[in-house]
Amino acid sequence: MAIFSTAAASTVSTAVATPLRVWIRIIATELALIALGAGTYLAVSAGAADRADVAAGNARTLLAVEAALGLDVERSLATWWAADATRALVANFYYVAAHFAVPIVVFGLLVLCRPADYRRFRTAFVAASLLGVAVSWTWPTAPPRLVEGFTDAPVISGAENPYAAFPSMHVGWAVWTALAVAALTARWWLRTVAWLHALLTSMDVLVTGHHWVLDVVGGVLAALAGLAIAHVCHGPRSATRPPTAEAPTAAPPRTTESAPVPASR
């Protein structure tokens, strides 16, 4: 795409000149972070079944707070959405596929086009994800689909933690995506698409019965907390943006010429 071509070409040139040992260190670091995140999530998920009663109690607490605030819309939304089989299939597919595919694409674009911002948003992503896992471990919460009277929905896989509803990291990752896209480009329509993804994800987790409204709020806060941690780790971000048009060439400085001195007689 022409939007990122200049930045990508510059990054490729830099990558070619980077020594192999540096690439090995970079790849090892990224793999270690992936292993840390996946290992932490699986460790928490392994003991989740033993905390079903606590998770159900916390879900009832969330629902009571929502009812007091007039936010308890999960039952009506999920029931209405599940009435159409095609609509339910699309929502479940989006819940699974977009959650992983979109961040992977954005990470790739950050590496190619905004390498200076890559570490910052990588740190924000990892921090937000670990924060979400920590909260779900200390305060496990059952999703609507596992609460009596609500519409059931399929799980992602056998490794999924069924009692990690709060906060919703589907929403957290989607908000992170929108913030990262804002660093990738100044084009309003790309930013709008990214925020639309965050909005659709927020609605999707409700209609599929995987999260409560307050889980969505928690996911937004987790993403912002991750970005705040990245700010502390990496310092303030540069305000520069990718160029959207070729900058005009500065006019050459004007030279002043001395007026001819009349010859003396």
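Read-outs: derived from the displayed coordinates by stated rules, not from any lab. Bear in mind the structure is a predicted one, so any value in this text is a computation, not a measurement. Please note: Cβ atoms are built from the backbone with ideal geometry, for glycine as well, and neighbour counts cover all protein chains shown.
Please give the peptides 108-120, 136-148, 160-172 ranked by average Cβ packing (other Cβ atoms within 10 Å per residue), highest first, as a rough proxy for protection.
160-172, 136-148, 108-120
Only four residue types carry charge here, +1 at the Cβ of Lys and Arg and -1 at the Cβ of Asp and Glu. Report the dipole size of segment 117-211 about the Cα centre in Debye, rounded to the nearest 20.
About 520 debye.
Regarding segment 50-207, what whole-number volume in Å³ per residue does the convex hull of its Cα atoms give?
129 Å³
Taking H placed 1.01 Å from N in the peptide plane, check which residues at least 5 places from residue 141 or on another chain put their amide H under 5 Å from its amide H.
Placed amide hydrogens put 164, 165, 166 under 5 Å from residue 141.
Using a ≥ b ≥ c from the Cα gyration tensor of segment 119-218 (square roots of the eigenvalues), is it rounded, prolate or oblate, where a/c under 1.5 gives rounded and otherwise the larger of a/b and b/c decides, a/b for prolate?
oblate
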